[in-house]
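Single-structure report; data block below.
Just so it is clear, none of the values below were taken in a lab; they were calculated from the coordinates. Values in this document were obtained by computation on a predicted structure and should not be read as measured data. All Cβ positions, even for glycine, are placed from backbone atoms using ideal geometry, and neighbour counts span all protein chains on display.
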Amino acid sequence: MKKKLTILAANFLQQYGTVIVTANAGEAVVNYMVQKPDIIFLDIHYTHYERDGLDVLQNFLQLDNKAFIVMFSAGHDAATLSKALNQVRGDL
């Protein structure tokens, strides 16, 4: 289901520009460094080995603290959402 939603979103967004979908956290960071996208859509619960979306967010902000990142989640975990907000606020 998750993969189908990713494909649906990517197909929709392609009308506005180039869309790159990555399979894991490492790919996401490498693609960010190479492609320098204007906007990043990142799932808070994006996982790969020991890394999650919050780890990837931190990597992006270390590379570029002005990166335009839209984080989303279907989760209801207030602590995780709060952690994401605090992470971004610390870089403002």
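Calculated [222 nm] ellipticity per residue, helices only, for the chain: -16000 deg cm²/dmol; basis is -39500 (n - 2.57) per DSSP H run with n ≥ 4, divided by all residues, nearest 500.
Here are a few candidate values for semi-axes √(5λ) of the Cα gyration tensor in Å: (1) 28, 23, 10; (2) 20, 17, 13; (3) 49, 24, 11. Which one was actually calculated from the structure I just gave you? Answer label, from the structure shown: (2). From most to least packed by mean Cβ count within 10 Å, the peptides 52-61, 3-12 give 52-61, 3-12.
Across segment 12-25, computed HN-Hα scalar couplings (Karplus, 6.51 cos²θ - 1.76 cosθ + 1.60, θ = phi - 60°) run 5, 6, 4, 5, 9, x, 6, 10, 10, 10, 10, 8, 7, 4 Hz from first to last residue, x flagging Gly and Pro. Modelled spin labels at GLU50 and LEU13, positioned 7 Å past Cα toward Cβ, are 2.8 nm from each other. Counting charges near VAL29 (Lys, Arg +1; Asp, Glu -1) among other residues having Cβ under 10 Å from its Cβ returns a value of -1.
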